[in-house]
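These notes are about the structure you will find just below.
Coordinate-derived values only; no laboratory data. The model shown is predicted, which means the values in this text are computed figures rather than measured ones. Here the Cβ positions follow ideal geometry from the backbone for every residue, glycine too, while neighbour counts run over all protein chains shown.
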């Protein structure tokens, strides 16, 4: 959901036979579509439709992917931007300042988004929704943490710092994943006020961690994995053997899924409370494996498939993912919902979903068109100024 960062990355690295980093935009656009279908069916389907159709089951399955995809891709983009700045010789302090500030901006947007939702939902929205931990909040905090990590590992040659940050990213991801179960159960930081504890385990006001929220544990771990993957993709090996590098990522994803199954079937239990589907590191490992396989498949589709043949609505959505995320919520869950919430058949909800997708693509096109016109006008103004100065 970091459109400005994605644009910076595009100028940084252009893979062979691909414009921009098309696979990042396509993967982010895929996350948008999966997010739309999850939200639309969740908001609009009636109780009868939920029971009589397998649609909601598949929708919920697809709904497990958007948040990990967005957070993972923020780490990939963050790594590529940081690596390029390092190659240019920018000082570690300056890189940290720039990247941490961007994370703070995203965190501020998350707070602003919660304020907007509260205002539009007033007087029905409880004031506690203002302090709810949502995906934008964790994206911003994760980016700030990645900025600190890259600052700590940023001394030395580019090659050395790349390896150091790659290893540190994976180690931090493992630490976050392993610490999640006790922080959700036996070692909860109950001494903290609930708004602060919620950033650790998503407890909110319920005195029990909520799996539908986005606390730092385990969600920030996806960003650290993405950070490591991003530095791997910027390595000399990946730039020389790009296709092979992505194939190895796909194979690593398959291996991660296999190891997740093996570890979960083991009789050894590390934690007093077992919750595979929400807090267990084995589930995190499985989801990371799925993300890596998706990354490889999307790369292959963008490089050798038809992803870039003509106009791609998926890539278009990926270009403006933050905007369409922000806007679609109000027309699905909010006061301006285009269909009655909890009252629709599967067919009617699907028609609404297609409407939302079309509307968001058009909004995205409008946004990029406006930005291009603004850029052209700025360039014309600079040209006129230069010509006047010369005369």
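Measuring r between the beta carbons of residue 174 and residue 272 and using R0 = 30 Å, the FRET efficiency lands at 0.90. What translational D, rounded to a whole number of µm²/s, comes out for the chain from Stokes-Einstein when the hydrodynamic radius is the Kirkwood one over Cα pairs, at 37 °C and 0.692 mPa s? Here the translational diffusion coefficient equals 148 µm²/s. Its alpha carbons give the stretch 73-169 an Rg and a Dmax of 16.8, 56 Å. Note on residue 330 and residue 124: their simple-model spin labels are 1.6 nm apart, each label 7 Å out from Cα toward Cβ. Pairs of Cα atoms nearer than 8 Å and 6+ residues apart set the relative contact order; for the stretch 159-281 it is 34 percent.
Here the label points at residue 337 and residue 58, each 7 Å from Cα along the C-beta direction, are separated by 2.3 nm in the simple model.
Our note on the geometry: Cα centres of the stretch 232-288 and the stretch 146-193, 17 Å apart. Mean sequence separation of contacting Cα pairs (under 8 Å, at least six apart), scaled by the length of the chain, corresponds to a relative contact order of 27 percent.
Cβ-Cβ distance of residue 93 and residue 236, R₀ of 30 Å, FRET efficiency by 1/(1 + (r/R0)^6): the value works out to about 0.70.
List the residues of the stretch 30-48 whose backbone N lies under 18 Å from a point placed 7 Å from the Cα of residue 212 along the Cα-to-Cβ direction. 35-48, by backbone N distance to the label point.
The stretch between residue 379 and residue 351, if pulled fully straight at 0.36 nm per residue, gains 5.8 nm over its current Cα-Cα span. Site pair residue 187 and residue 311 shows an inter-label distance of 5.4 nm when each label is modelled 7 Å from Cα along Cα→Cβ.
The packing ranking of peptides 250-256, 315-321, highest mean first, is 315-321, 250-256, where packing means the average number of other beta carbon atoms within 10 angstrom of each residue.
Counting Cα-Cα pairs of the stretch 234-341 in 10 Å increments starting at 0 gives whole-percent bin shares of 12, 24, 27, 26, 11, 1.
Where only DSSP H runs of four or more residues are counted, the chain gives -25000 deg cm²/dmol as its mean residue ellipticity at 222 nm, each run worth -39500 (n - 2.57). Taking a ≥ b ≥ c as the square roots of the Cα gyration tensor eigenvalues, the stretch 317-381 comes out prolate, since a/c reaches at least 1.5 and a/b is larger than b/c. Our summary gives the stretch 81-183 a relative contact order of 33 percent, counting only alpha carbon pairs under 8 angstrom and 6 or more residues apart.
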